[in-house]
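**Student:** Take this structure first; my questions come after.
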Amino acid sequence: MVLLEFSMFPLDKGESLSPFVARSLDIIDRSGVPYQCHAMGTTLEGEFDQVIEVVRECFQAMSADCDRVECTMKIDYRKDHQGRLEAKVASVEHRLGRAVKR
């Protein structure tokens with residue numbers, strides 16, 4: 001399983017990009033892939049091909065009406081581990097002895 005964190009946005013659509021981000025989040029949500037959306041991107045959890053396919057669909061939707069798109073991605077692979085969207089944060093909270101802001 002992998003965690004894939006990515007951020008994708010158009011560079012040619014002005015300052016307010018939330019309509020484009022919302023379009024990607026709709027694709028992500030409908031994919032059924034576990035995810036967490038945060039202020040600077042989205043983290044997906046699944047098999048490599050599965051999460052890459054979601055990013056590809058987001059790119060296709062965005063590039064359909066955007067002439068320039070920027071995307072950054074980070075991938076964390078850990079064999080035979082799943083549920084890490086929650087487990088990684090829980091591990092840090094356990095060591096701190098308190099919850100962290102989400």
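Just so you know, all these numbers are worked out from the coordinates, no wet-lab data involved. A quick note: this is a predicted structure, and the numbers were derived from the prediction, not measured.
**Student:** Any chance you could give the angle, 0 to 90 degrees and rounded to 10, that helix 48-63 forms with the longest Cα principal axis of the chain?
**Tutor:** The answer is roughly 30 degrees.
**Student:** Let me ask something additional. Grab the Cα-Cα distance for E86 and V100, subtract it from 0.36 nm times how many residues apart they are, and report the gain in nm with one decimal.
**Tutor:** Details: separation 14, 0.36 × 14 = 5.04 nm, distance 1.22 nm.
Extra length available between E86 and V100 comes to 3.8 nm.
**Student:** Here's something else I'd like to know. With everything on Cα atoms, drop me the angle between helix 18-31 and the longest principal axis of the chain, reported from 0 to 90° to the nearest 10.
**Tutor:** Around 60 degrees separate the two axes.
**Student:** Once phi is turned into θ = phi - 60°, what whole-Hz ³J(HN,Hα) does the Karplus curve with 6.51, -1.76 and 1.60 give for every residue of the stretch 35-41, x standing for Gly and Pro?
**Tutor:** Those phi angles translate into 8, 9, 9, 9, 4, 10, x Hz.
**Student:** Further question: Can you work out ³J(HN,Hα) from phi for every residue in the stretch 86-101, in order, using Karplus 6.51 cos²θ - 1.76 cosθ + 1.60 and θ = phi - 60°, giving whole Hz and x for Gly and Pro?
**Tutor:** Once rounded to whole Hz, the list reads 8, 5, 5, 5, 4, 5, 5, 4, 4, 5, 6, x, 7, 6, 9, 5.
**Student:** Over the alpha carbons of the chain, what is the largest minus smallest coordinate on each principal axis, giving the biggest first in Å?
**Tutor:** So the extents along the principal axes, rounded to whole Å, are 46, 29, 21.
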